[in-house]
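Step one of this worksheet: look at the structure below.
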Amino acid sequence: MEKYIVHGGKRLEGSVRIGGAKNSILPVLAAVLLNKSDDEIVLKNVPYISDVIKMVEILRSLGVNVTWSGKNLTIYSRGVNNYSVNEVLMREMRSTIFLMGALLTRFGQVCISYPGGCAIGQRPIDLHLKGLTALGAQIREQHGYIYASSPRLTGGNIHLDYPSVGATENVMLASICARGITMIYNAAKEPEIVDLQNILNKMGGRVRGAGTDQIRIDGVSQLHGVEYTVIPDRVVAGTILMAAAATGGDVQLENVIPGHLEAVIAKLREAGVQIRAENDRLHILAPERLRAVEFVRTLPYPGFPTDLQAPMMALLCKARGTSMIIENVFDSRFKHVGELLRMGANIQVATDARTAVVKGVAQLTGAAVTAPDLRAGAALVIAGLSAEGKTTVDGLNHIDRGYENLDGYISQLGGNIERI
Ligand code: EPZ
């Protein structure tokens, strides 16, 4: 199994360009199924990460013609001839759940295997199923599969109990060609939802309100081809900012949207870094040692993103003072704590498993650690960069899901990391 060898103590300096957003391209790849015409779809700035590679495999298994050319995908989806998502592929990547909405729109039926939980929680899909049912889908769950069918989906009002990103996307994909108007109340407001609205509208859809908690979809009869560039990945950008902050670095990020990182920038400034935002660039200058921050509370957008909770914890391990981290979004997203403790961190997790108290220590020491999930893996790399000595990080299959060449980014900034 491959692993990272990280030697800590090097200050990150220089500039890197951020790629396309994983959590944007995945629902966008589901949206290509909505195009029944012969038109071509070209997606640009596509990150070459394992979640995208898997999603492309799934689309091909459904009859979609997909070819890579550099960072672009050229897609023809007229030949889609299958509404059952391959179980093995489905179980490997639960975020294929929003294929339900797209396949229901395309075929009026869909069969997927029940997406399992994962390292960060149970990952229920009740809100997805409630939303699709409200649009007229009949849903049966048996033997680990979910069958959904509807002769023609009809618009309706959907009130999400929680502003679920995936459920919002699923309903958008299921209502885009439904008969009549669909309103989603308490919709997720993430930038990736806005990206999905933008591509759907460029394909001929009529979606308004993404980015707010109310989204209106006026059903249309058909969609057509499109050329589209997804937004930069704000989680990758935030991860690199935190790696810079953890090493007293001086780093410039290019191809970012600073407005997507307001909560992260505010929290890093609280920790004592200087950050300057201009157009599509961010510059961070960090002090030798950071200040602790009283609270980091993860919340739906525009709150502090849960996907950057683990990287933030890694950099607070050496901050001066005590920080409290409260994970409000997922039910078990502290699996990186045990690995950070091996590196000499001082962290206590409350019995609710949602609150962690991080007492800053003067030094972390390198150790052999294992990435338990995608963002925890990034956190361990950040800890290794700021630790004394050598850290080995295995479990790179998790990191490769969402980071295209993380070691390449860090090496480009002068960090001492290699993949063996
Ligand atoms: C998306 O997951 C992202 N994934 C996640 O990123 C991200 O952490 C999450 O949104 C929150 O921002 C993709 O976009 C592919 P949710 P999703 O539905 O859609 C509960 C990463 O590291 N919930 O907003 O699954 C759920 O259990 C990944 O890039 C229900 O209870 O997130 C969780 O507690 C990790 N019922 C909360 O809502 C449902 O039907 C947020 O989940 C659906 C969700």
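Below, the figures for the structure above:
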| read-out | value |
| --- | --- |
| Extent along principal axes [Cα atoms of segment 229-286; Å; largest to smallest] | 33, 18, 17 |
| Length-normalised contact order of the chain in % [C-alpha pairs under 8 Å, at least 6 apart] | 21 percent |
| Residue pairs, from the table 130/202; 36/202; 3/359; 3/44; 130/189; 3/335, whose Cα atoms sit over 21 Å apart | 130/202; 3/359; 3/44 |
| Cα gyration tensor of segment 264-420 - equivalent ellipsoid semi-axes, whole Å, descending | 21, 20, 17 |
| Rg(Cα)/(2.2 N^0.38 Å) for the chain, N = residue count | 0.98 |
| Accessible area of the chain divided out per residue, in Å², using a probe of 1.4 angstrom | 38 Å² |
| Cα convex hull of segment 1-121, projected area averaged across orientations, nm² | 10.0 nm² |
| Overall Cα dimensions of segment 218-335, principal axis frame, Å, largest first | 59, 34, 20 |
| Set of segment 129-160 residues, backbone N closer than 19 Å to the point 7 Å along the Cα-Cβ line of residue 114 | 129-133, 138-149 |
| Accessible-area order (highest first, 1.4 angstrom probe) of the listed residues 308, 127 | 127, 308 |
| Among 136, 395, 70: highest mean-square fluctuation, GNM of the chain, C-alpha pairs under 10 Å | 70 |
| Inverse of mean 1/r across different Cα pairs in segment 96-228, Kirkwood, Å | 14.6 Å |
| Of all accessible heavy-atom area on segment 22-229, the percent that carbon and sulfur account for (1.4 Å) | 47 percent |
| Fluctuation leader among 277, 245, 30 - the chain, Gaussian network, Cα springs under 10 angstrom | 277 |
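The values are calculated or read from the model by the stated rules, or taken from the named source; none is laboratory data. The model shown is predicted, which means the values in this text are computed figures rather than measured ones. Positions of Cβ are generated from backbone atoms using ideal geometry, with glycine treated the same way; all protein chains shown enter the neighbour counts. Surface accessibility is based on the protein's heavy atoms, side chains included, excluding ligands, DNA and RNA. Shrake-Rupley method; radii C 1.70, N 1.55, O 1.52, S 1.80 Å.
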